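Engineer: There's a structure below that I have some questions on.
The values are calculated or read from the model by the stated rules, or taken from the named source; none is laboratory data. The shown structure was predicted, so the numbers you read here are calculated from the model rather than taken from an experiment. Please note: Cβ atoms are built from the backbone with ideal geometry, for glycine as well, and neighbour counts cover all protein chains shown.
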Amino acid sequence: MNFVKKYYCVFTLILHISVSANGIQETLKNYPNNPEKISSAARSIIIHYFQKGAIDSIDMVISFCDTLTTLNREWLSGHERILIELLKGNIDSLKRPDFFKNHLSLADTADVEVIITRPPRYDPYRHTIPHHDNLSPFLLQNYRQKVTVFKNRYPEEVLLWEFLDIIFDCTQKKVIQYLVNYPNSPYHNLVLYNYFIRYTYRHHGIMGGMGYSFINFGKEPNLLFQDKIAFHGFVDMYLRGFAITVSLSVATKGAKSNLIVNEDTVFTGTSYRDIFFETAVGHIISIRDRVYITPFVGVGGFHTSPLVRKDFSLPAVIGVKAGFSSHFRIAFYDTEFISSTPKPDLAIRLEVGYRYNKFYRIRSDLGTDSFYITLALELIKFGFQRSFSVH
């Protein structure tokens, strides 16, 4: 407490000698340990010194307030400190990339721990309590006037002026133009790794949905079963572009001929319930992250039982399959240049495949072939990562 009072007294003495406006000294005397009141008074003093042209006194106030234990460095934002240096005409400080790294915590490399957050944006109304604190709007207004003068006076510093424009009025268009036009700028990495926001998909994630399959059992199996539509649900899990697909189909079909099971006859027209379970592996082929094609191979089987009689079921049919699935992403944005965090998207899935099944386990003359087409809706949720490719 004595330490704070000591520095408070020194601060009050400096203000008394340097400033005699608006009774600032009295305000600080009344609130010696109130950081809000002290910072508000100091910010008002900065405006006063700018208006009087007392630039050296501005440095004195900032240096002193930065040493007070009752205040942290956020009593002036990083943007405000940059604006103050600009209005003071300190071009040499502004030309150093480290100056911006220190005040805005910018990264100059693709450090994963740093780039997950976007750089702070300048808010001229950040200090609105108390309401009479108007340093930020004052700085911004004078910045716009000052930078116009500096652009004419120091046209060779165009890299700096364009960089400042990004810091205080950032748009994706300005960022891309800067990176393309000034690849050798000393601020290039600061723009690239902090203000250039672009994501790409990692093809690591999940697809899932449901729809309907049309199943054709080939010539021989169709002697027994009628072709039917099956309800189809699936989940595709992707890791680095490789997919493991698990699907389940449920179909009801009618018998086209009598079937003898254990010396018992199941008559024509009997309805059967088929439950298909299949798993497959494949590798995704991406076309601009709008269309995905995944050739796959796998194994599967289905279990068939009559709907009416519960005392028997047909032998389970097993086999292998091959085919491909195609996914058409429904996205209302450029999937090659994603500027905001990607969200799950709806897609249309078309799958075509062939199964080699052991139908002769049901009846010796039923053959082996089976074909199917699936149409479904699905959700795509892929992982993503920051990209630093401008083109």
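Engineer: Please list, ordered by first then second residue, the pairs with beta carbon atoms under 8 Å, 6 or more apart or interchain, first in the range 92-113 and within 19 Å of Arg386 (Cβ to Cβ), second at pLDDT 90 or above and among the hydroxyl-bearing types (Ser, Thr, Tyr).
Structural biologist: Once the first residue is within 19 Å of Arg386 (Cβ to Cβ) and sits in the range 92-113, its partners that are at pLDDT 90 or above and among the hydroxyl-bearing types (Ser, Thr, Tyr) give Leu106/Tyr193; Ala107/Tyr193; Asp108/Tyr193; Thr109/Tyr193; Ala110/Tyr193; Asp111/Tyr193.
Engineer: Only one of (1) at pLDDT below 90; (2) among the aromatic types (Phe, Trp, Tyr); (3) surrounded by 14 or more Cβ atoms within 10 Å (Cβ to Cβ) is not met by Phe267, so which one is it?
Structural biologist: (3)
Engineer: Among the numbered criteria (1) over 25 Å from Val390 (Cβ atoms); (2) in the same structural domain as Ser370 (by TED's automatic domain parsing), which single criterion is violated by Val149?
Structural biologist: (2)
Engineer: Of the numbered conditions (1) touching a Lys or Arg at 6+ places or on another chain (Cβ under 6 Å); (2) closer than 17 Å to Ile244 by Cα; (3) of a type in the set (Gly, Ala, Ser), Ser326 satisfies every one except a single condition; which is it?
Structural biologist: (1)
Engineer: Identify, from the list Phe276, Phe242, Phe217, the residue that is modelled with pLDDT of 80 or more, surrounded by 14 or more Cβ atoms within 10 Å (Cβ to Cβ) and under 19 Å from Ile362 (Cα atoms).
Structural biologist: Going through Phe276, Phe242, Phe217 in turn, just one is modelled with pLDDT of 80 or more, surrounded by 14 or more Cβ atoms within 10 Å (Cβ to Cβ) and under 19 Å from Ile362 (Cα atoms): Phe276.
Engineer: Out of all the residues in the range 86-106, which are more than 11 Å from Pro186 (Cα to Cα) and of a type in the set (Asp, Glu)?
Structural biologist: Asp92
Engineer: Just give me the residues in the range 164-192 being closer than 28 Å to Arg290 by Cβ and in contact (Cβ under 8 Å) with a residue 60 or more places away in the chain, in sequence order.
Structural biologist: Listed by number, the residues that qualify are Gln172, Ile176, Leu179, Val180, Leu192.
Engineer: List, please: which pairs have Cβ atoms under 6 Å, are six or more places apart or on different chains, and start with a residue in the range 322-347 that is on the phi > 0 side of the Ramachandran plot and end with one that is among the charged types (D, E, K, R)?
Structural biologist: That search, which allows pairs on different chains as well, returns nothing.
Engineer: Keeping to the range 312-360, report how many residues are over 20 Å from Ala230 (Cα atoms) and charged (D, E, K, R).
Structural biologist: 5
Engineer: Working only within the range 306-359, note down all residues that are surrounded by 14 or more Cβ atoms within 10 Å (Cβ to Cβ), among the small types (Gly, Ala, Ser) and either outside the structural domain of Phe231 (by TED's automatic domain parsing) or over 17 Å from Glu278 (Cα atoms) (or both).
Structural biologist: Ser313, Ser326, Ala331, Ala347
Engineer: OK, next. Find all pairs meeting these conditions: Cβ atoms under 8 angstrom apart; at least six residues apart or on different chains; first residue within the range 119-147 and closer than 12 Å to Ile84 by Cβ; second residue of a type in the set (Asp, Glu) and modelled with pLDDT of 80 or more.
Structural biologist: Leu135/Glu80; Ser136/Glu80; Leu139/Glu80
Engineer: Applying the selection to the range 164-187, what residues are over 25 Å from the mean Cα position of the chain (by Cα) and exposed (fewer than 11 other Cβ atoms within 10 Å of the Cβ)?
Structural biologist: Pro183, Asn184, listed by residue number.
Engineer: Test of understanding: among Ser326, Ser389, Ser364, which residue is part of a strand (DSSP E or B) and hydroxyl-bearing (Ser, Thr, Tyr)?
Structural biologist: Ser326
Engineer: Separate question: Can you find a residue in the range 313-324 that is under 27 Å from the mean Cα position of the chain (by Cα) and not polar (S, T, N, Q)?
Structural biologist: Within the range 313-324 (the criterion being under 27 Å from the mean Cα position of the chain (by Cα) and not polar (S, T, N, Q)), the answer is no, since none of the residues qualifies.
Engineer: Same structure, new question: Restricting to the range 284-310, and then to whatever is within 40 Å of the chain's Cα centre (by Cα) and among the hydrophobic types (A, V, I, L, M, F, W, C), can you tell me which residue is farthest from Arg355 (Cα to Cα)?
Structural biologist: Ile287
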